[in-house]
Amino acid sequence: MVGQFYGAPAMALLTVGAGALLLGPAIIGPSAALALDVVLWTAGTVLGLVVALWLPFAMITREDHTDVEAVPAWMMPVVSPMVSASTGALLLSHLGPGQAGMTLLVACYAMFGLSLLAGLITTTMVYSRLMHGGFSQVQAIPTVWIVLGVVGQSITAANLLAAHAGSVLTDAATVSALHAFGIVYG
């Protein structure tokens, strides 16, 4: 059960990195703020992806499945790649057009898709568990709100990626389509 919360340190690194990029230039200077964000975004993204991929694998391959119940805490490792997509969008304008910017944009949309797919599957499992069995423990009730992390971060990611895609993409039609997707998705 504790393993579900291993996504939290990754999201903390990503959040502090985004804060450094947005608020840090006035305090530590633009170059230091950007460098700090790049380091924290990279560390948070790697940790988040490892947890998001390793934890479900570990749960599936473990030998004893007798007392397994889908709980809302299962959403925690799923949210971190979505936070990486959201905060990665802030780095796009610092890369500009070219291979590096395009790679980051595609990677952020891939993390968006990975997290969204895993989030939909996990939400369905949790919803089914709640409908058929209720809560097994009263302490688990606050974790129901974790689902909002996937929903809120996915809307944020879709719109931030669209807003910053113009600094990487030169095709106005593609940028416009990404903006439309973000609005419709939200």
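The values are calculated or read from the model by the stated rules, or taken from the named source; none is laboratory data. Treat the numbers as computed from the prediction; the structure is a model and nothing was measured. Ideal geometry is used to build each Cβ from the backbone, glycine not excepted, and the neighbour counts take in all protein chains shown. We work out accessible area using only protein heavy atoms, side chains counted, and drop any ligands, DNA or RNA first. Shrake-Rupley method; radii C 1.70, N 1.55, O 1.52, S 1.80 Å.
Brief remarks on what is shown
- The number of residues in the range 101-117 that are closer than 19 Å to MET75 by Cα and either touching a residue at least 60 places away in the same chain (Cβ under 8 Å) or in contact with a Cys (Cβ under 9 Å, 6 or more places away or on another chain) (or both) comes to 3.
- In the range 111-129, the condition of being under 24 Å from SER167 (Cα atoms) and open to solvent by 70 Å² or more (accessible area, probe 1.4 Å) is met by no residue.
- Condition check for PRO97: surrounded by fewer than 16 Cβ atoms within 10 Å (Cβ to Cβ), under 23 Å from GLY182 (Cβ atoms), at pLDDT below 95 and over 12 Å from the mean Cα position of the chain (by Cα): yes
- The set of residues in the range 102-136 that are among the small types (Gly, Ala, Ser) and within 19 Å of the chain's Cα centre (by Cα) comprises ALA107, ALA110, GLY113, SER115, ALA118, GLY119.
Listed here are the residues, each with its yes/no results for (1) in a helix (DSSP H, G or I); (2) more than 21 Å from VAL168 (Cβ to Cβ).
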| position | (1), (2) |
| --- | --- |
| VAL16 | yes, yes |
| ALA32 | yes, yes |
| ALA35 | yes, no |
| ALA43 | yes, yes |
| PRO77 | yes, yes |
| PRO97 | no, no |
| VAL106 | yes, no |
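- All positions within the range 1-20 that are open to solvent by less than 20 Å² (accessible area, probe 1.4 Å) and among the hydrophobic types (A, V, I, L, M, F, W, C): ALA10, LEU14, ALA18, ALA20
- Scanning the range 148-157 for residues that are among the hydrophobic types (A, V, I, L, M, F, W, C), open to solvent by less than 50 Å² (accessible area, probe 1.4 Å) and farther than 18 Å from MET102 by Cβ yields one hit, VAL150.
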